[in-house]
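The block underneath contains the structure these notes are about, expressed in structure tokens.
Nothing in this text is a laboratory measurement; each read-out follows from the coordinates by a stated rule. Owing to the predicted nature of the structure, the values given are computational and were not obtained by experimental measurement. All Cβ positions, even for glycine, are placed from backbone atoms using ideal geometry, and neighbour counts span all protein chains on display.
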Amino acid sequence: MKIKKSILALIPYPPGKPIEELTREYGIQSVIKLASNENPLGPSPLALRAIRKALSQLHRYPDGSGYYLKQSLGRFLGVSPEQILLGNGSNEIIELALKTFLKPGFEVISPVPSFLVYEKAVQAMGGKNILVPLKRFTIDLEAIRGRINPRTQIIIINNPNNPTGTIIKRKIWERFLSSIPDRVLILLDEAYIDFVEDPDCPNGLDYLHSGKNLIVFRTFSKAYGLAGLRIGYGLTRPELADYINRVRQPFNVNSLAQAGALGALKDQAFYEKTLSLVRAGKKAIEGELARMGLFFVPSQTNYILIKVPQKAQVVYEAMLKKGIIIRSMKEYGLEEYIRVNIGLPEENRRFLRALKQVLNRKINIRQD
Ligand SMILES: Cc1ncc(COP(=O)(O)O)c(C=O)c1O
């Protein structure tokens, strides 16, 4: 069988190492994972309650239209249910948008480094990636606009950007949006928007009626702690939502995910607790990193990109041996950077203690 060239060249997305794997490989019992920007508080308790209630109906197919969740999300966000797309994680909707709108061989512009899934999904769909480098760790919208040509079909923007944690400011975004030709589709991934503290960060919802072809992506994986459940959503014009709904599987969002998301939306206490925990944890970690003399990118999210004075892969391995899973940013082309997400206060302290030991030990070896 002849395999497509684009698939042969595809390197799978590297997920964060699971805790169980580290326990198995190193025999370490007390492992903490700060590698996948998950919620350290666990899942929303109201989501769990709703999921338990829904268990007895698992013999039924889920509601393929996601009626109740769309109603509830619509009220919550002030959009109409026809504008909402539900997905098996927001990642699925990103893929569905590409599957629906991208013609093979046409171009998709996205920033680099950014979320690796974009580039891989475009490649898998037979599109051509045009990767535009960040400027001072921030998405360079002017450079992105400069790459638009007649073969450009889609632009993917991640605000805030993963892995840098930086945002695009409102004025710059608005200038960019108004300059994009109507034939181009903009995918705006706002997976981390909940954590943003800067009031100058644009909110994708405010631009759904701009007349542009815009799809905004959000997720229950982060601020609501439901990453394992796989539920995210997209917001757009009803016309575009309708096209994507023709492409998706009829039961793409399972019934527990729908129930969990409905429960989570009522759990504003958990949501607020998560935001305060992340904000306080971030302040504490950033303060300590500054005292350690390490460069980091000030973050608007629940993770921090940190420069280490040696290969990130070496630091990653050394941290693993101490039972702490972080991310080496090698795959993102940032060989001297690690990314760590904010954990519980004691996890943050353990991370900082271990990082100091790992870096000092390395420095001592170098001095010998
Ligand atoms: C930028 C970005 N978008 C989307 C996602 C995934 O979201 P979901 O779990 O809803 O598929 C992530 C997860 O890490 C992410 O970093």
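Observations, loosely collected:
- The phi-based Karplus calculation (6.51 cos²θ - 1.76 cosθ + 1.60; θ = phi - 60°) puts the 3J(HN,Hα) values of region 115-120 at 4, 4, 4, 4, 4, 5 Hz, whole numbers, x for Gly and Pro.
- Given LYS70/LYS135; LYS273/LYS330; LYS2/LYS222; LYS53/LYS321; LYS2/LYS128, the pairs whose alpha carbons are separated by over 30 Å: LYS70/LYS135; LYS273/LYS330; LYS2/LYS222; LYS53/LYS321
- Percent of C-alpha pairs per 10 Å bin, region 307-364, short to long: 25, 58, 18, 0
- Size of charge dipole - the chain - debye, nearest 20, with Cβ of Lys, Arg +1 and Asp, Glu -1, no other charges: 560
- Region 288-362-region 19-76 distance, computed between alpha-carbon centres (Å): 26
- 0 to 90° range, to nearest 10: angle between helix 345-367 axis and the chain longest Cα axis: 50
- Ignoring aspartates and glutamates fewer than eight residues from LYS99 along the same chain, the ones with Cα atoms less than 15 angstrom from its Cα are GLU107, GLU119, ASP242.
- Whole-percent pair-distance distribution, where bins are 20 Å wide, for the alpha carbons of the chain: 28, 58, 14, 0
- Spatial separation of Cα centroids for region 83-151 and region 231-252, in angstrom: 18
- Residues in region 320-340 that a label on GLN310 would reach, taking backbone N under 13 Å of a point 7 Å out along Cα→Cβ: 320-321
- Estimated vicinal HN-Hα couplings, Hz - region 58-63 in sequence order (Karplus 6.51, -1.76, 1.60; Gly, Pro = x): 5, 6, 8, 5, x, 6
- The chymotrypsin sites (Phe, Trp or Tyr not before Pro) of region 265-296 that DSSP puts in a loop, and whose beta carbon has at most 15 other beta carbons within 10 Å, are PHE295.
- Relative contact order (%) - the chain, alpha-carbon pairs under 8 angstrom, separation at least six: 24
- Estimated vicinal HN-Hα couplings, Hz - region 68-82 in sequence order (Karplus 6.51, -1.76, 1.60; Gly, Pro = x): 5, 5, 5, 4, 5, 4, x, 5, 4, 9, x, 10, 8, x, 5
- Helix 45-54 axis, angle to the chain major axis (alpha carbon atoms, nearest 10°): 50
- C-alpha long axis of helix 238-247 to longest principal axis of the chain, angle in °: 80
- Here the residues HIS59, HIS209, ranked from fewest to most Cβ neighbours within 10 Å of their Cβ, fall in the order HIS59, HIS209.
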